[in-house]
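Engineer: My questions all concern the structure below.
Derivation of every value follows stated rules applied to the coordinates shown; laboratory data play no part. Note that the structure is a prediction, hence the values are computed from the model and not measured. With ideal geometry, Cβ positions are generated from the backbone for all residues, glycine too; neighbour counts draw on all protein chains shown.
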Amino acid sequence: MPKVAIIGLGLIGGSIGLALKRANLPDLEIFGHDVEFGVNGRARKLGAIDKEAKRPAQAAEGAALVIIATPILQVKATFEAIAPALAGGAVVTDTASTKADIMRWAGELLPDDVSFIGGHPIAGKETSGIDAADAALFEGQPWAIVPAISASEAAINTVENFVSLTGAVPTLIDAEEHDSYLAAVSHLPLMLSTALFSVASRSQAWPELAAVAGPGFRDITRLASSNPSMSHDISLTNRKNLVHWLDRYMEELHGLRDIIDSSETQEELIERFATVQTARDAFMVAPPPKPVPEQPTDPMSAGERMMSFMVGEYVVRRTKEVQELMEKRASGELDDLEKR
């Protein structure tokens with residue numbers, strides 16, 4: 001039976017499981033593992049996985065597709081744990097918010113006969129955990145795909161088909177470009193949200209401030225409710241890019257401060273506000289088009305193509321195992337083992 005493994009069953013891993021179950025692929029088994037106590041059972045009861053695995057290696061053993069959805073700094077240890085259990089020809093992907101370090105760890109730790117395809121679903125919520133999982137979380141959202149140089153075309157296609165099954169849009173991108181771009185439009189907003197709420201909530205007047213805080217304050221500080229481990233890991237694994245964009249943002253703030261502080265720059269101030277308003281309104285009305293994946297020439301659906309690959313890999317492995325067993329029996333080696 002074709003097997004998918006999901007290691008890490010929080011918001012992202014749980015939502016992936018629910019999305020795959022919603023696709024209703026025949027004969028697909030989803031094994032899941034999470035290090036946090038009670039999460040495996042909760043994920044199974046919610047229908048995100050079919051079977052619980054006590055260890056990452058147990059989940060990955062025999063799986064045609066392994067999806068790592070742990071916090072970023074746990075990915076390296078997960079690679080080390082699953083590497084001996086991975087079957088030849090297996091495809092491994094991840095969901096981490098940064099990619100350069102992940103790609104390097106995969107190249108160092110995963111077997112040569114395994115294809116690694118880096119991934120990042122650019123979707124989420126400020127809430128975390130398996131109970132926040134949602135099968136529709138990825139609908140219409142871009143999903144960055146960063147193939148390793150050694151990854152096979154079939155493996156890339158498999159991950160693209162898997163991403164399409166979740167409702168997301170597969171988007172091929174280079175690891176360095178990914179980390180630079182996401183630092184500006186995803187990681188920087190996280191830091192700004194955190195800093196703003198910190199400034200306000202640490203004020204001695206916070207009780208009074210909180211009483212008059214409206215929707216604008218709540219919207220801007222929404223990301224401050226993000227999982228602290230995720231924010232920590234993003235900061236450490238995308239340090240250079242994040243510092244670059246923080247510096248640029250602080251320059252912009254200093255510029256605004258100087259304009260506001262000067263009594264002779266009223267025209268410059270209204271011009272600054274009007275210019276930014278016009279640019280954002282244009283973005284909201286007609287944002288740049290999201291990448292659209294090339295349509296496959298064969299008539300099969302994404303699910304059928306993914307299952308075709310997984311079943312093929314399963315048959316290849318089983319055939320190889322049977323051949324090895326027959327060779328051992330022919331040589332008498334199996335008889336010797338049975339006698340022992």
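Engineer: In Å, what is the Rg of the alpha-carbon atoms in the stretch 235-295, and how long is Dmax?
Structural biologist: 17.2, 58
Engineer: Right, something else. Over the chain, how many pairs of lysines fall under 23 Å by alpha carbon, counting only those 8 or more apart in sequence or from different chains?
Structural biologist: Value for the chain: 21.
Engineer: Rounded to the nearest 20 debye, what is the charge dipole size of the chain about its Cα centre when +1 sits on each Lys and Arg Cβ and -1 on each Asp and Glu Cβ?
Structural biologist: Result for the chain is approximately 1040 debye, rounded to the nearest 20.
Engineer: Still on this structure, I have one more. Using R₀ = 30 Å, calculate the FRET efficiency as 1/(1 + (r/R₀)^6) where r is the Cβ-Cβ separation of GLU139 and ARG280; round to 0.05. Walk me through the intermediate numbers first.
Structural biologist: Values: r = 24 Å, r/R0 = 0.81.
According to the calculation, E is roughly 0.80.
Engineer: Which of the listed residues, ALA43, ILE68, MET284, is farthest toward the dipole's positive end in the chain, when Lys, Arg count +1 and Asp, Glu count -1 at the beta-carbon?
Structural biologist: The residue sitting most towards the positive pole is ALA43.
Engineer: Measure nothing fancy, just the Cα-based angle from helix 266-285's long axis to the longest principal axis of the chain, in degrees from 0 to 90, nearest 10.
Structural biologist: With both axes taken from Cα atoms, the answer is about 30 degrees.
Engineer: Quick one: longest stretch of the chain between exposed loop GluC sites (Glu not before Pro), exposed meaning at most 12 other C-beta atoms within 10 Å and loop per DSSP? Spell out each step's value before the answer.
Structural biologist: Numbers: sites that count: GLU36, GLU264, GLU294.
After excluding every exposed loop site, the longest remaining stretch is 37-263.
Engineer: How big is the chain along each principal axis, measuring the range of its Cα positions in Å and listing the largest first?
Structural biologist: 95, 46, 35
Engineer: Would you kindly compute the Cα radius of gyration of the stretch 61-128 and its largest Cα-Cα separation (Dmax), both in Å?
Structural biologist: Rg and Dmax of the stretch 61-128, Cα atoms, are 11.9, 38 Å.
Engineer: Can you give the extra length, in nm with one decimal, that the chain gains between LYS51 and GLU108 once fully stretched, where that is 0.36 nm per residue apart less the Cα-Cα distance?
Structural biologist: Here the answer is 17.6 nm.
Engineer: Same structure again: Can you give the FRET efficiency to the nearest 0.05 for ALA154 and THR265, using r as the Cβ-Cβ distance and R₀ = 51 Å?
Structural biologist: Computed FRET efficiency for ALA154 and THR265: 0.25.
Engineer: How large is log10 I(q)/I(0) at q = 0.13 Å⁻¹ when the Debye formula is applied to the Cα atoms of the stretch 178-285, each weighted equally and without solvent?
Structural biologist: Debye intensities relative to I(0), on a log10 scale: -0.66.
Engineer: Using 0.36 nm times the number of residues separating ARG22 and LEU209, minus their current alpha carbon distance, what extension gain do you get? Please report the intermediate quantities before stating the final value.
Structural biologist: Values: separation 187, 0.36 × 187 = 67.32 nm, distance 4.43 nm.
Length gained, ARG22 through LEU209: 62.9 nm.
Engineer: Label-point separation (nm) for GLU251 and ASP219, each offset 7 Å from Cα along Cα-to-Cβ?
Structural biologist: 2.8
Engineer: Explain nothing, just compute: Karplus ³J(HN,Hα) = 6.51 cos²θ - 1.76 cosθ + 1.60, θ = phi - 60°, for every residue of the stretch 101-113 in order, whole Hz, x for Gly and Pro.
Structural biologist: My calculation for the stretch 101-113 gives 5, 4, 5, 5, 4, 4, x, 7, 10, 8, x, 5, 8 Hz in order.
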